[in-house]
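Worksheet: the structure to be examined is printed underneath.
The values are calculated or read from the model by the stated rules, or taken from the named source; none is laboratory data. Every value quoted in this text rests on a predicted model; they were computed, and no experiment measured them. No Cβ is skipped: glycine too gets one built from the backbone with ideal geometry, and neighbour counts run over all protein chains shown. When the accessible area is computed, the model is the full protein with side chains, heavy atoms only, and any ligands, DNA or RNA have been set aside. Shrake-Rupley method; radii C 1.70, N 1.55, O 1.52, S 1.80 Å.
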Number of protein chains: 10
Amino acid sequence: MTKQDVTTMIRAAKRESGKTWAEISAATGLSEVFVTSACLGMNSLLPDAAAKVVEFLGLPAEAATVLAEFPTKQFDKTVPTDPCIYRWYEITGVFGEAFKELVQEKFGDGIMSAIDFDMEIERVAHEKGDRVQVVMRGKFLPYKSW
Amino acid sequence: MTKQDVTTMIRAAKRESGKTWAEISAATGLSEVFVTSACLGMNSLLPDAAAKVVEFLGLPAEAATVLAEFPTKQFDKTVPTDPCIYRWYEITGVFGEAFKELVQEKFGDGIMSAIDFDMEIERVAHEKGDRVQVVMRGKFLPYKSW
Amino acid sequence: MTKQDVTTMIRAAKRESGKTWAEISAATGLSEVFVTSACLGMNSLLPDAAAKVVEFLGLPAEAATVLAEFPTKQFDKTVPTDPCIYRWYEITGVFGEAFKELVQEKFGDGIMSAIDFDMEIERVAHEKGDRVQVVMRGKFLPYKSW
Amino acid sequence: MTKQDVTTMIRAAKRESGKTWAEISAATGLSEVFVTSACLGMNSLLPDAAAKVVEFLGLPAEAATVLAEFPTKQFDKTVPTDPCIYRWYEITGVFGEAFKELVQEKFGDGIMSAIDFDMEIERVAHEKGDRVQVVMRGKFLPYKSW
Amino acid sequence: MTKQDVTTMIRAAKRESGKTWAEISAATGLSEVFVTSACLGMNSLLPDAAAKVVEFLGLPAEAATVLAEFPTKQFDKTVPTDPCIYRWYEITGVFGEAFKELVQEKFGDGIMSAIDFDMEIERVAHEKGDRVQVVMRGKFLPYKSW
Amino acid sequence: MTKQDVTTMIRAAKRESGKTWAEISAATGLSEVFVTSACLGMNSLLPDAAAKVVEFLGLPAEAATVLAEFPTKQFDKTVPTDPCIYRWYEITGVFGEAFKELVQEKFGDGIMSAIDFDMEIERVAHEKGDRVQVVMRGKFLPYKSW
Amino acid sequence: MTKQDVTTMIRAAKRESGKTWAEISAATGLSEVFVTSACLGMNSLLPDAAAKVVEFLGLPAEAATVLAEFPTKQFDKTVPTDPCIYRWYEITGVFGEAFKELVQEKFGDGIMSAIDFDMEIERVAHEKGDRVQVVMRGKFLPYKSW
Amino acid sequence: MTKQDVTTMIRAAKRESGKTWAEISAATGLSEVFVTSACLGMNSLLPDAAAKVVEFLGLPAEAATVLAEFPTKQFDKTVPTDPCIYRWYEITGVFGEAFKELVQEKFGDGIMSAIDFDMEIERVAHEKGDRVQVVMRGKFLPYKSW
Amino acid sequence: MTKQDVTTMIRAAKRESGKTWAEISAATGLSEVFVTSACLGMNSLLPDAAAKVVEFLGLPAEAATVLAEFPTKQFDKTVPTDPCIYRWYEITGVFGEAFKELVQEKFGDGIMSAIDFDMEIERVAHEKGDRVQVVMRGKFLPYKSW
Amino acid sequence: MTKQDVTTMIRAAKRESGKTWAEISAATGLSEVFVTSACLGMNSLLPDAAAKVVEFLGLPAEAATVLAEFPTKQFDKTVPTDPCIYRWYEITGVFGEAFKELVQEKFGDGIMSAIDFDMEIERVAHEKGDRVQVVMRGKFLPYKSW
């Protein structure tokens, strides 16, 4: 049983039960983004959280072991093709240098960690059409001389 | 005079005067991210804002015309190499599918716009090391049947 | 059952019954381009329309659920090889900059949406050989300062 | 003097004089899309039309010779990065197969020519925001047995 | 049954029966190049010709339906690796610009069609070693102003 | 002085004098395709022929030395973008395997040489529009056991 | 049964019997390099040699037919990753231009054939560690004017 | 003064003086392949040999310093386009796996070094056309357990 | 049974038994890095060591034969996507030239071997968070004149 | 004045003065690897260290400002071609997965930082030829649930 197998099981269980990512998040006490990414095979869950996902969705016990394994993160397309994901890639291209300028003006030479990192996604009401709001927070990691 | 020429002038003026992106932002009344991206040639400024940048940094008048022109957005590297920008690319790969799942669970089939879009970058104090906080907001654009 | 499975079923049903995309369009009340793209797995149908496709072609009920799911749009070839599709890619390359110049002259800095978008394809009689006519309409999305 | 030199001259003349592509189109009697693409170096003008462009914008006479030369069409980015052009590329990916299905259902095995081809771009008023309308017409070219 | 399945059947039938492409060409009255490309899945046969191929090689009747379907032309390698096919790619690179110069000197701005097109391959005796002779003929398609 | 410099000189001399590739061919006694490819820097001319080109076009003497040098053949685009050259690339993809099948049926395992090779391009009158005719002849090179 | 199937059979037979490429070479009277490359599916054997391989290794008779078929040479990685093969690729890059200079100084404008070609690989004793010796011989093919 | 500058000087000196790579080899006592690759900027010469090249060709003294510097080996094209160099790339693809099989059968698991390596290129007379002979020798480097 | 099959068996045996790479290393007397890489199919084990792995993990005997075979090293992604491996790729890019400068300052023109090579990975305690320590040692291989 | 300009100045000053990276390291009190990478434009120096480099090598004062600026790290070749750097890339491919297994066995799910990171390169005497020793140390960064 691979992480890909478990993702397929989770999608099937969601489709049949009508359960949502928000409910899986609530059942585990983890954030939506994190638990979703783990269910899609891009992060590992602690054994306890893995057990809760498996119980909540009625998956076989072995699935919890697999959810707790450390993944190898692979993304197939160098440039993503799905428009919803491509727009994020585009933001990287269009605003990447500005992001770097401002991070480094505020902190000095260094980067925002993508590991010690968290993210939230919310629906924000707006009169001209609701907006997707993404908040990302990553530890600043300074380059040091040595 | 091209947008690239103006970016070079702006960097030189910043280096000599010690002025910051935050100060340029304040001088124009625009957000830091937007004005920085425009100064780097990735967005156009309205004539009024362009004039303020030029005045604040002491650039030649033609630079305002160039800053107000509509850019062709080009990013050279399919996969960015600078670590500060690469981490964002990595986030796209690792969390892109989770982002899509959650946006579509909350809104239906569609995407977050990268055009009707804004972003802020802030330094957030944290006892284990300060964190970079990025907030992005984009209008949800639904796919429609026709 | 995946979207790819459903596309295979639809092709088989079309081959056996001789039904056309035009007839599927008529049966659903949706445009030919949209319903075809959804049957090929590139768009989602509303449940009602999905049910009509399934009924019209005599597919199993689960196929309607799958047609209504939100797809991940993937296109395999960075440069398409089929001549009928390549020509469109070529048009992007040859006329892309002119398109951008004219859109931005008529509307200001911004883009034509590919999401709030529709398209029609028609056969237009012509004495020197009939012509394919494509009409595309997309909402203009302006870049805004913030 | 190369086509690229002439494009630079045309852009400079437009910037100084405030003349538009629409006016260049009117001055030559050619469509906006065609004359713009020729001014950007992607098509050749007949000598007469080239002379009109040169006269209208006040360019040196040699520019007319260059505008009339047959170009080698080069586009630098396999996947375009500017959002206004990328969206067209995305349409190719998302709707390319549907386009092929419908062209071939209406005409038989063959393609839409990208050479015996014309295109118009217009602003269409719409209560929820004006729309870009693109009309493309290309001769159907059938594959033949031999 | 896909075009790839039919190609596999045709290769097996040829191997067992010892029948050649030349004989398949004779049985259908079509040229060798065209009928071979159709048997390899790169072109469609008219129903009548498809029936003749199927009869001549003793294939199941459904194969004729598949041979008559309109293919999606896919070639896997951007740069072909087989030496026999690579040499043609090399000719494109080495002589492509000269080809363009001469076509355009003889005809004006335009291209040789790859759709309204035919090709023959023959063995030509030569004292220093026989030669492969390829004759290609494609309609000249002029670029037009509009 | 490089081959690229000489090509630029040749283009300039042609533009000013109105001389054609056909006339350069006649002046040297070489075929149009070969002499054009050599003038574009893709083949070397024997010193005698190089001298004739230089004399016919009124180029400096050093240009003859350069035309006689052995070139390094470079083609920049893995997939050509100009439509006139792309169509040839497309033919390689669509008919490459059929070409291989027929060459090897007629000759055995081996290839058509791209070195011991010649090509002619002619305009062939046709009632439905004149056609470009290309004839290529290359020595068959058999693979041998050893 | 494909060439790939036969290669798998040959590897299995070698593993079980302990027979070497050197012994297969001796059994057929062909060189090691050639017979190995044919067993790996990159060259065709004459029917007689194919029969000897099949007999020597105890393969089914059909394998001889497959070994005698003309292969389509495919190599998957544009840049090879196995160090033993990569080093050869590196030699192409580092010494390719020097090779070209010397071949053309010794022979005139032309190339070394990779078709009318043979190669031997030997172990050469050396006090500081034995060396791999590769001897390649290919017919010089001159470019000719025409 | 860069290695590229020195290569340009060497080519110019060769062209004017008619001196050959063979003569440069003789003047330095180094092999043709090595000295040519160093003159093309792909290897470093010991100071003494560098001085001899400079003296033999009448180059400025600084050129000797540059020839003795350690190069960064760069090759621009992932797949070489010049036919003389491409054929070597093709040999890597076609015979690479056979080479690996035989090296490892004769020596065990390991590779042929491309660093402790030498190569010779010779013209070998042959009644059916002279042949290029390449002899390469590289130290066998075994993989070791640790 | 392929190397990939054996890797799958080893992962399964580890998961069920809870045995670690450190214990497999101890059971064979080989270093952790080497034995892990061999178990992942990237190196060959000597028959004795292969037998110990098989015994320690309770695998079928044939697995030892496979572990002792010489692998073809393949890595799928030109740019690795997993963050843990990507960081190493990034180090190559950021520090590669500095590495080359220092190796060549200390040793002369040449390289660090990746074949006659060993590596250790250790956990080093540190008050601000433990650190990964990697020690690599490779024989210096000098370029030689010849 | 760019970082590239300063690197050129540093190389020139080193060549003329014979000063080494080791001496630059000693003059600044920084490690060889770090100071070399900063001089090559891949890291920033603190103002004090930058001043010491400039003084030690006799560069203009502006060079210190440039050395202290935060670089954008760019590496041109996706796969490095210089053998000294390529070998490191190869190690990433061959040992990357083993590295990941062992880091994660010793620390849990996470990565070795390439930012909070240092490296040393030393010459280690060895009877069979001296060895390059590289020691890298990077902080372990755990993935956390959130």
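Some points to look at:
- Here's the list of lysines a cross-link from G:Lys128 could span, going by alpha-carbon distance under 20 Å and ignoring same-chain residues fewer than 8 apart: H:Lys106, H:Lys139, H:Lys144, I:Lys139, I:Lys144, J:Lys128.
- The protein assembly as shown: C-alpha pair distances exceeding 48 Å, %: 42
- Here the Karplus relation 6.51 cos²θ - 1.76 cosθ + 1.60, evaluated at θ = phi - 60°, turns the backbone of the stretch D:128-140 into coupling constants of 8, x, 4, 10, 8, 10, 10, 10, 10, 9, x, 5, 6 Hz, with x for every Gly and Pro.
- Look at the stretch A:125-132: the mean tally of other chain Cβ atoms within 10 Å of its residues' Cβ atoms is 6.
- Computed [θ] at 222 nm, helices only, for the protein assembly as shown once each DSSP H run of length n ≥ 4 contributes -39500 (n - 2.57): -16000 deg cm²/dmol
- Taking a point 7 Å out from the Cα of G:Glu23 in the direction of its Cβ, none of the residues of the stretch I:55-80 has a backbone N less than 12 Å from it.
- In the context of the full set of protein chains, the stretch G:83-141 has a per residue accessible area of 29 Å² (1.4 Å probe).
- Averaged per residue, the stretch D:3-68 has 42 square angstrom of accessible surface, using a 1.4 angstrom probe with ligands and nucleic acids left out.
- Label-point gap, in nm, between C:Glu62 and J:Glu120 - each point 7 angstrom along Cα→Cβ: 6.2
- Cα gyration tensor, the stretch C:65-146 - rounded (a/c under 1.5), prolate or oblate: oblate
- Accessible surface of the protein assembly as shown, 1.4 Å probe, proportion on carbon and sulfur as whole %: 51
- C:Thr8-J:Arg15 pseudo-label distance in nm [points 7 Å out on the Cα-to-Cβ vector]: 6.4
- Span-like helix ranges in chain F, DSSP H, alpha carbon extent 20 angstrom or more, Kyte mean at least -1.0: F:83-107
- Residue range of chain E that is longest and free of trypsin sites (Lys or Arg not before Pro) which are both DSSP loop and sparsely packed (at most 14 other C-beta within 10 Å): E:1-127
- Chains J and I together, accessible area buried on both sides, 1.4 angstrom probe, square angstrom: 6900
- Separation of alpha-carbon centers, the stretch F:1-63 and the stretch H:1-61, rounded to whole Å: 31
- For F:32-40, mean number of other protein chain Cβ atoms within 10 Å: 5
- Among the residues of E:17-28, the average count of other protein chain beta-carbon atoms within 10 Å of the residue beta-carbon is 1.
- Sparse-neighbourhood loop sites, GluC sites (Glu not before Pro) in the stretch H:29-127 - DSSP loop, at most 12 other Cβ within 10 angstrom: H:Glu127
- Along each principal axis, Cα extent of chain I, largest first, Å: 50, 50, 30
- Shape category assigned to the stretch H:3-68 from the gyration tensor of Cα positions, a/c cut at 1.5: rounded
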